[in-house]
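What follows is a set of notes on a single structure, which appears directly below.
The values are calculated or read from the model by the stated rules, or taken from the named source; none is laboratory data. This structure is a prediction, so every number in the text was calculated from the model and none was measured. Neighbour counts run over all protein chains shown; Cβ positions are idealised from the backbone, glycine included.
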Amino acid sequence: MIWLTWRQLRGSAAMLATVLVILAVVLARTGPDLATRYSAGIAACAQDDTCDRFYNRFFDTYDMPFMAVSLVVLLLPVLVGLFWGAPLITRELAAGTHLLVWNQSITRGRWLAVKLGLVGLIAMAAVCLCGFMVSWWSDPLDKSAAESLALMAPLVFGARGIAPMGYAAFAFVLGVTVGMLVRRTVPAMALTLAVFAAIQFAMPLTVRAHLMPPVTGTFELSKANVENLGISQEGAGLRGFA
């Protein structure tokens, strides 16, 4: 059963492996230079206390690659749900091949467990590996972005830590569930995409803010931190700091 499931999956797995290899090569070639530039910039700005400006310049220089690699991590769970989850059971039901398997001393529970377990674990492992590679590459940019709170952006927050692996597991289960209910591959893929996209928008807007209690802090406004916030000193409420 494992061998049969792998034969059905090997084409998609090969394509995903190719994407990961290409991404790994690109990140491995550019990551060390990125870390070196960050270390050199920190060493230089520490001498004249201009690290705030260095953080902004450094992040702005790599803003587009930073968002691009984060977007790759966010797209992989979607692809897993669309092309691995939704067709996994649907195509078996449509072609009737599940009946052949059930007549070969394979119970329905074992058939379902092997397909979900093998495909789901491979999908989660691939997305987790992609997340780790991107996190390693973007570590200097994450440190720079922390000064401007860019790490709290939904695109970035969902591409770090265990969030990508969780999204991959959810997208896979969602695709399988929708496929079993709809029993038609293309409509199941479309519905999976719609539901997953809706949840991706709903999470940062309605759920994520309530996952942890808010932390309250008191800070003194001064000329330096007002400039870092991007607020003009000519603002009506801040003229006293000019």
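A compact table of results
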{"item": "Looking only at the range 135-150, and only at residues there that are at pLDDT below 90, of a type in the set (A, V, I, L, M, F, W, C) and in a helix (DSSP H, G or I), the one that is surrounded by the most Cβ atoms within 10 Å (Cβ to Cβ)", "result": "141"}
{"item": "Helices (runs of 4 or more DSSP H) wholly inside the range 153-242 that include at least 3 residues being at pLDDT 85 or above and aromatic (Phe, Trp, Tyr)", "result": "163-182"}
